[in-house]
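Read the figures in this text as sums done on the coordinates, not as results from a lab. Not measured: the values here are computed from a predicted model. When we count neighbours, we look across all protein chains shown, and the Cβ atoms used for this are built from the backbone with ideal geometry, even at glycine.
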Amino acid sequence: MKEETNMNLEKVFYRHRDIFLSGKETFFGGEKIPVQFISRFSLEQQFPEFALEWFDLSRSEGSILLKWNFDDDIPEDGYRVTISDQEIQIASSSKRGFTFALREIGNLTKPCRNGIVLPHLSIEDYPGFSIRGIIEGFYGEPWSFEERKDMISFLSTCRMNTYFYAPKDDLYHRENWRIPYPDDIFQNILSLKTVCDKNLIDFYYCISPGKDFDYLSEEDYDMLFSKLDAMIEIGISHFGILLDDIDYTLASDHEAKFRRTGLAHAHLLNRIDDYLRKKLHHYFLTACPTEYWSYWDTAYKKDLKQTVHENIALFWTGYNTIAESIPAQHAKRNAEYLGHDLILWDNYPCNDVNLNRLFLGPNVNRSSLLPQHRHIGVAANPMNQMEASKVPLMTFSDYMWNPQRYQPELSWEFALERYCGNDESLKTFYKLNKSLRFYEFQNNELTEAITNKDIDYLNCYFSKIREMALDLLKRDTKLAAEIRPWLLRAQQDVILWELILEGEKSKLESNNQRISIQLAACDHHAAAQLGESTAVKTAEAWGYKKAERAYAQRGG
């Protein structure tokens, strides 16, 4: 994926809260904007290295003045940009806002003959959520540290600012939370924190002690504090305590002490908060309660509301673990019942409960009004497939930045354009896997073709799939390796369609049997389902049945 450049006007207006165009432009010979940089943000500020992709600090001739000013009235991560023929002015209240502004200016450059042009305009922009990023919180094989570093760099390019380290199957995060990290893993965490710092991404270290934490044992508290101390020593000041997916029935001695689970959990969180306050001048603590979904009141939520320290933010996932929709009314009620700032833990595009599927469509059905109801952040839980997660995460980044303006289809089109460029094979693959676990994007033409037995349309459709699979299977890329099972499944679906085509032409019983066997073969590849399994749907709609015995007899 290349850095997004050369936005058209539709993108410009979509991506920015307020933009004012003058109709004028400045021409620069060469491929970069020559600038003289002056910082009025603070006395010592280095020009970010990534911005040298667009800006040239080495030229004096033909340079334009680039000023960076401090303005505390601009919300965190926001910026104001003014471009004229004499200078570029950027104002922000943070270094991150400045870097976002630089990226946007770079994206606005347009190539022309013998150089580039930069439009004269003013932009005033700031995010809707202060916390915007991902939580690596899925079950299954965690990402490698190299994958995490890649993702963190990606988040920075998408105007996101947060990475929650919370892999369920990291043994030292959950199952063996008491045990210190082995030195090699700890060094990798340190390296990951360094990459976060370089990319201005807030690194949240999360730990899940709830499965067997003894709320009456000072030894358990000491072990937990020791784990946090190790992270504090390497500069981590953002933490998450995750109490999700546990049996939260209290043991008899705990019940005698605390009476209810919510009070026991509140005691744990408050102890951690008190400890961090003694250790750090500045820190942020968030927690995932055991009742992390639903929008109705409970005794557990009431205990958290009344007892947990006010500064601790809480996660929730909507009315369900994977919510089909999150309307403002649900968000408002849950914020009232929990009485704390909330971070939406969005379990899309996570596929750990549907490992045979890839969910590559846009984020949908999330209210634009969440920030009005104490929602300070959104953390998307990606798929086990890191690289394949990037396109849906791009749509999330648009929602997180400006939920009021967010349009799922438009964001998805822009994300495909940015990620795939002119690569038709990649676009075909993403379009085949656009549907979500809870929302099916209808291809009305395809549905009509199946209903009406439009063989010409379907033949063209499956020809594209055949060409796509052959092309992508040849590639030696991270994405190609991740999606290989789905490409092999695509080939099985193409074979099924070719047999259906033969069967429709010949009407021979032998062809019916071959189709039935191939249907079973597709079932055999069920570990990778290609989108909505159009070939199987076509066979079933046209009256073909699978023959499991016949397939088994052939060694399947």
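If R0 is 60 Å, the Cβ-Cβ spacing of ASP212 and ARG113 corresponds to a FRET efficiency of close to 0.30.
Across the stretch 444-553, Cα pairs under 8 Å and at least six residues apart give a relative contact order of 26 percent. Of LYS198/LYS390; LYS67/LYS95; LYS32/LYS95; LYS32/LYS110, which ones are farther than 18 Å apart at the Cα? Cα-Cα > 18 Å for LYS198/LYS390; LYS32/LYS95; rest within. Contact order for the stretch 107-175, expressed relative to its length and based on alpha carbon pairs under 8 Å spaced 6+ residues apart, stands at 33 percent.
In a reduced charge model with +1 at each Lys and Arg Cβ and -1 at each Asp and Glu Cβ, the chain shows a dipole moment near 820 debye about its Cα centre.
Taking a threshold of 31 Å on the Cα-Cα distance, which of the pairs LYS279/LYS478; LYS11/LYS464; LYS149/LYS301; LYS149/LYS464 fall above it? Before the final figure, lay out the partial values.
Details: LYS279/LYS478 41 Å; LYS11/LYS464 29 Å; LYS149/LYS301 36 Å; LYS149/LYS464 34 Å.
From the list (LYS279/LYS478; LYS11/LYS464; LYS149/LYS301; LYS149/LYS464), the Cα-Cα distance tops 31 Å for LYS279/LYS478; LYS149/LYS301; LYS149/LYS464.
Listed by chain and number, the aspartates and glutamates whose alpha-carbon sits under 14 Å from that of LYS168, ignoring those within fewer than 8 places in the same chain, are GLU136, GLU141, ASP244, ASP245, ASP352.
Sorting the segments 68-76, 169-177 by their mean number of nearby beta carbons within 10 angstrom, highest to lowest, gives 169-177, 68-76.
The GluC sites (Glu not before Pro) of the stretch 435-529 that meet both conditions, a loop assignment by DSSP and at most 16 other Cβ atoms within 10 Å of the site Cβ, are GLU440.
Pop the C-beta distance of LYS478 and ALA256 into the FRET formula with R0 = 56 Å and round what comes out to the nearest 0.05. For R0 = 56 Å, the calculated efficiency reads 0.55. Between the residues ALA328, ILE246, ALA51, the greatest Cα displacement towards the positive end of the dipole of the chain, with unit charges on the Cβ of Lys, Arg, Asp and Glu, is found for ALA328.
Can you tell me which of 105-118, 135-148 comes out highest on packing, and rank the rest after it, using the mean Cβ neighbours within 10 Å?
135-148, 105-118
Among the GluC sites (Glu not before Pro) in the stretch 288-332, which ones are in a DSSP loop with at most 14 other Cβ atoms within 10 Å of the Cβ? Mind listing them? Filter output for the stretch 288-332: GLU310, GLU324. Sequence-distant contacts, meaning Cα pairs under 8 Å at least 6 residues apart, place the relative contact order of the chain at 10 percent.
Computed from the coordinates I sent, Rg and Dmax of the Cα atoms in Å equals one of [x] 26.5, 83; [y] 41.4, 172; [z] 30.5, 106. Tell me the label. The value matching this structure is [x]. Candidates CYS112, GLN306, ALA380 compared by Cα position along the dipole of the chain: farthest toward the positive end lies CYS112, with charges placed on Cβ.
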